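So the structure is just underneath, and the comments pick up after that.
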Amino acid sequence: MTTLQSVPALGTRPADGSTPSRAETRDQLSKATYDLLVIGGGILGISTAWHAAQSGLRVALVDAGDFAGATSSASSKLLHGGLRYLQTGAVKLVAENHFERRAVSRDVAPHLANPLKFYLPVYKGGPHGAAKLGAGVFAYSALSAFGDGVGHVIGAAKAAREVPELRTDNLKAVAVYGDDQMNDSRMALMTVRAAAQSGATVLNHAEVTGLRFTNGRVTGAELKDRLDGSEFGVTARLVLNATGPWVDHLRKMENPDAAPSIRLSKGAHLVLKRTAPWRAALATPIDKYRITFALPWEDQLLLGTTDEEYEGDPADVAVNEKDIAQILDEAAYSIRDQQLSRDLITYSFAGLRVLPGGPGDTSKAKRETVVTEGRGGMLSVAGGKWTTFRHIGRTVMNKLAALPGHPLGEDMEPISRLPKRQPLPGISNPNAVAHRLLVDGGTPGPRMAADTARHLATHYGSLSFDIARLANEDAALAKRIHPDAPEIWAQVVYARDHEWAETADDVLRRRTTLTIRGLATDELRAEVEDVLGRRS
């Protein structure tokens, strides 16, 4: 691992071109009156803040932790139509999901989304036959206007060449279809950046300790900076509660008698080192409704997910032994044992799906977005899917415009007039960016490594050139953070100065891939914290 002890000036914060300091942001938040205060920096709140700022509203966005620090960075990393929804006849929903998936992967964030081929293995005695799955993937691809090719069925031998760890015993056939993949943390951060560029004031690690009321209506919030203990408040004409698993906690701040509105479903994942290259993902049916995924992701293998009701404190959600055993056992339906050794696990994570309240199995519950208005006029929004994050933001804004007694609609640019496919920062062709980084964007001395160039291009798009400039100006920043990962130290400085990174976890877990690769040692954390502390 690269050591920084010999480079004491590494990453000194530049005088300009950076995000405002926390003190400056707190001061701005406490002095201004906002049209909309969004509480919750998951993708739902971020998307709403982005669309609200685009529509001309004065917007503030705060989160008690990091942006996308909970559920939004604990997904299966997919932009997908939802193949399993065809099982319940939700054809319109699948078509809508595909529309949003294509919009994001082709027009909004092609630099952050990657096409991914999926194999649905059909085993003897399995829950579905080859004919049924073949018809299913054909219909699925038709609902996507065949933009990812035509869903079809192939033989076991051909599939095994693409996925060498595929279990072929009793394998009758494999159905093939296409979807997209992403790094959810990076997608969320780029959306925060888009919101800030549109005029939103954003602050992470700022916990709501109470709500402000004027004549019985919620008109802001009291906050505490979790990093230095500073207390301050924000005044707003309208408050949106987008706190995900904590949505009912905030609703009770507004009204102690508020009845529960949601239930939570825990989804756990494992990340493993790959024992061989994978050129496709596996989506293996476990029963009539559930599918287990095995996804090549960030040079690793991502396995999951579980789906069980969760009733504890959302802050305590974690992967336990039962989750690990279930994920590995279900993966063994279609993956050879050598790829499922526990010694290969580099990381595990769990998130909470927010589902509408009600009885029944959580695996069969609808992943719908619910918007409610409380006694004090605070809006609460919960649920939804990563794939439709852009649509959800627009839907919430339409809801705001239609609220009786709220004048925001008079001040907003109608959502229908906003660009329908506004791109996220850094939009570019990642292949072209990687090529340029290799040809003329490298560092003094040896050229930028190919894996680093590719990593930057697919996580930052054209913003990669800003990171390359940092590396060109300071040779220490061109060094790898760890020899077994593509990231360089310039990314840590960039995360600190341009991406609101405040803690080692912010950098190692969500701005880079060091944690999911199992490389976030105590020594590395200390070095990252040292760089984060070098602020002018």
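The values are calculated or read from the model by the stated rules, or taken from the named source; none is laboratory data. Because the structure is a prediction, the values reported are computed rather than measured. Here the Cβ is made from the backbone with ideal geometry for all residues, glycine too, and neighbour counts use every protein chain on show. These area figures cover heavy atoms from the full protein model, side chains too; ligands, DNA and RNA do not enter into them. Shrake-Rupley method; radii C 1.70, N 1.55, O 1.52, S 1.80 Å.
Structure above, values below:
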{"item": "Test: residue in the stretch 377-394 that is out of contact with any His (no Cβ under 8 Å at 6 or more places or on another chain), more than 30 Å from M253 (Cβ to Cβ), touching a residue at least 12 places away in the same chain (Cβ under 8 Å) and open to solvent by 30 Å² or more (accessible area, probe 1.4 Å)", "result": "no"}
{"item": "Residue satisfying condition, being in contact with a strand residue (DSSP E or B) (Cβ under 7 Å, 6 or more places away or on another chain) and at pLDDT 95 or above, within set V108, V59", "result": "V59"}
{"item": "Among the candidates P121, P115, residue that is modelled with pLDDT of 95 or more and touching a Gly at 6+ places or on another chain (Cβ under 7 Å)", "result": "P115"}
{"item": "Failed item in (1) more than 21 Å from the chain's Cα centre (by Cα); (2) part of a helix (DSSP H, G or I); (3) more than 15 Å from S18 (Cβ to Cβ), with A490 passing the rest", "result": "(3)"}
{"item": "Residue list for the stretch 14-68, filter: assigned to a helix (DSSP H, G or I) and open to solvent by 20 Å² or more (accessible area, probe 1.4 Å)", "result": "R22, A23, E24, R26, D27, Q28, S30, K31, L44, Q54"}
{"item": "Residue list for the stretch 465-497, restricted to those being charged (D, E, K, R) and open to solvent by less than 40 Å² (accessible area, probe 1.4 Å)", "result": "E487, R496, D497"}
{"item": "Which numbered condition D148 fails, given (1) on the phi > 0 side of the Ramachandran plot; (2) touching a strand residue (DSSP E or B) at 6+ places or on another chain (Cβ under 9 Å)", "result": "(1)"}
{"item": "Residues of the stretch 493-536 that turn out to be part of a helix (DSSP H, G or I) and hydroxyl-bearing (S, T, Y), as a count", "result": "1"}
{"item": "Of residues in the stretch 479-536 being basic (K, R) and touching a strand residue (DSSP E or B) at 6+ places or on another chain (Cβ under 8 Å), the one farthest from M182 (Cα to Cα)", "result": "K479"}
{"item": "Considering residues of the stretch 436-454 that are among the small types (G, A, S) and at pLDDT below 75 only, the residue most open to solvent (accessible area, probe 1.4 Å)", "result": "G445"}
{"item": "Hits in the stretch 152-193 - residues which are over 16 Å from F118 (Cβ atoms), hydrophobic (A, V, I, L, M, F, W, C) and touching a Pro at 6+ places or on another chain (Cβ under 6 Å)", "result": "M190"}
{"item": "Failed criterion for A195 (all others in (1) open to solvent by less than 10 Å² (accessible area, probe 1.4 Å); (2) not in a helix (DSSP H, G or I) hold)", "result": "(2)"}
{"item": "Residue list for the stretch 106-132, filter: open to solvent by 20 Å² or more (accessible area, probe 1.4 Å), in a helix (DSSP H, G or I) and touching a residue at least 24 places away in the same chain (Cβ under 8 Å)", "result": "D107, A130"}
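Residues checked against (1) open to solvent by 30 Å² or more (accessible area, probe 1.4 Å); (2) among the charged types (D, E, K, R); (3) in contact with a His (Cβ under 8 Å, 6 or more places away or on another chain):
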position: L93; (1), (2), (3): yes, no, no
position: S141; (1), (2), (3): no, no, no
position: E162; (1), (2), (3): yes, yes, no
position: L166; (1), (2), (3): no, no, no
